[in-house]
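**Q** First the structure, then my questions, so here it is.
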Amino acid sequence: MRNGLRKKDLVLIAVILCVAGLTVLVHRFVGGVGANRVIVKIEGAIEGIYSLSEDREIEINGGTNRLQIKNGEASMAWADCPDQLCVHQKPVSLNHESIICLPNKVVVEVESSANREFDAVTN
């Protein structure tokens, strides 16, 4: 027996590297799409989890709010609250961005692999 690598050892190493490479590719392409989602909470309890990759409108809280998911972004399309602040918020799509409707106790938060380029804006 020699201390060098045998042909079977080299084949085993090549197989392990191929499996590792395929795992990374599958996670990057398949896992990345499913990871971009919005979580809808009412009074802190999760009501639903929806993919940002599928365009749709969702009624929330028995119809008090309507969430629109379009082109990978979520926005509050309609709400019956008096101030309408949640409706006038910009669409969200980046990790930890949220839309909050205080009167109806609705929170929509993004869970995504995309982060902001900067944490704060300075002069």
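The values are calculated or read from the model by the stated rules, or taken from the named source; none is laboratory data. As the structure is a prediction and not an experimental result, all values here were calculated from the model. A quick note on method: Cβ atoms are made from the backbone with ideal geometry, for glycine too, and the neighbour counts reach across all protein chains shown. What goes into the accessible areas is simple: the full protein's heavy atoms, side chains included, and nothing from ligands, DNA or RNA. Shrake-Rupley method; radii C 1.70, N 1.55, O 1.52, S 1.80 Å.
One line per residue, one yes/no per condition, for (1) at pLDDT below 95; (2) open to solvent by less than 40 Å² (accessible area, probe 1.4 Å); (3) in contact with a helix residue (DSSP H, G or I) (Cβ under 9 Å, 6 or more places away or on another chain):
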{"position": "Arg56", "(1), (2), (3)": "no, no, no"}
{"position": "Glu59", "(1), (2), (3)": "no, no, no"}
{"position": "Asn65", "(1), (2), (3)": "no, yes, yes"}
{"position": "Ala77", "(1), (2), (3)": "no, no, yes"}
{"position": "Leu85", "(1), (2), (3)": "no, no, no"}
{"position": "Ser93", "(1), (2), (3)": "yes, yes, no"}
{"position": "Cys101", "(1), (2), (3)": "no, yes, yes"}
{"position": "Glu109", "(1), (2), (3)": "no, no, no"}
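Per-residue answers, yes or no, for (1) over 21 Å from the mean Cα position of the chain (by Cα); (2) farther than 16 Å from Ile46 by Cα; (3) part of a strand (DSSP E or B):
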{"residue": "Gln68", "(1), (2), (3)": "no, yes, yes"}
{"residue": "Ser75", "(1), (2), (3)": "no, yes, yes"}
{"residue": "Trp78", "(1), (2), (3)": "yes, yes, yes"}
{"residue": "Cys81", "(1), (2), (3)": "yes, yes, no"}
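**Q** Give me the pairs, please: first residue somewhere in the stretch 64-81 and without any contact (Cβ under 8 Å) to a residue 60 or more places away in the chain and farther than 15 Å from Glu109 by Cα, second residue anywhere and assigned to a loop (DSSP other than H, G, I, E, B) and open to solvent by less than 10 Å² (accessible area, probe 1.4 Å), beta-carbon distance under 7 Å, and either six or more positions apart or on two chains.
**A** Correct list of pairs: empty, since none qualify.
**Q** Limited to the stretch 55-66, what total is found for residues that are of a type in the set (Asp, Glu) and assigned to a strand (DSSP E or B)? So that I can check it myself, show each step before the final result.
**A** The first filter runs over the stretch 55-66 and keeps only residues of a type in the set (Asp, Glu), leaving 55, 57, 59.
Still in the list and also assigned to a strand (DSSP E or B): 57, 59.
Residues meeting the conditions: 2.
**Q** Here is a follow-up. Considering only the stretch 3-21, state which residues are surrounded by 10 or more Cβ atoms within 10 Å (Cβ to Cβ) and not hydrophobic (A, V, I, L, M, F, W, C).
**A** Across the stretch 3-21, the qualifying residues are Arg6, Asp9, Gly21.
**Q** Report, ordered by the first and then the second residue, all pairs with beta carbons closer than 7 Å, sequence separation of six or more or different chains, a first member in the stretch 85-97 that is closer than 15 Å to Leu67 by Cβ, and a second member that is open to solvent by 50 Å² or more (accessible area, probe 1.4 Å).
**A** Filtered contacts from the stretch 85-97: Cys86/Ile100; Val87/Trp78; Pro91/Glu73; Val92/Glu73; Ser93/Glu73.
**Q** Still on this structure, please answer the following. Report yes if Val38 is open to solvent by less than 90 Å² (accessible area, probe 1.4 Å) and at pLDDT below 85, otherwise no.
**A** Values: open to solvent by less than 90 Å² (accessible area, probe 1.4 Å): yes; at pLDDT below 85: no.
Answer is no for this residue.
**Q** Identify the residue in the stretch 41-54 that is assigned to a strand (DSSP E or B) and open to solvent by 50 Å² or more (accessible area, probe 1.4 Å) and, among all such residues, is farthest from Leu102 (Cα to Cα). I'd like the intermediate steps shown before the answer.
**A** Pass one, the stretch 41-54, residues assigned to a strand (DSSP E or B): 41-42, 45-51.
This time we only want the ones that are open to solvent by 50 Å² or more (accessible area, probe 1.4 Å), so: 41, 45-47, 49.
Numbers: Lys41: 12, Ala45: 14, Ile46: 16, Glu47: 16, Ile49: 20 Å.
Among those residues, the one meeting the criterion is Ile49.
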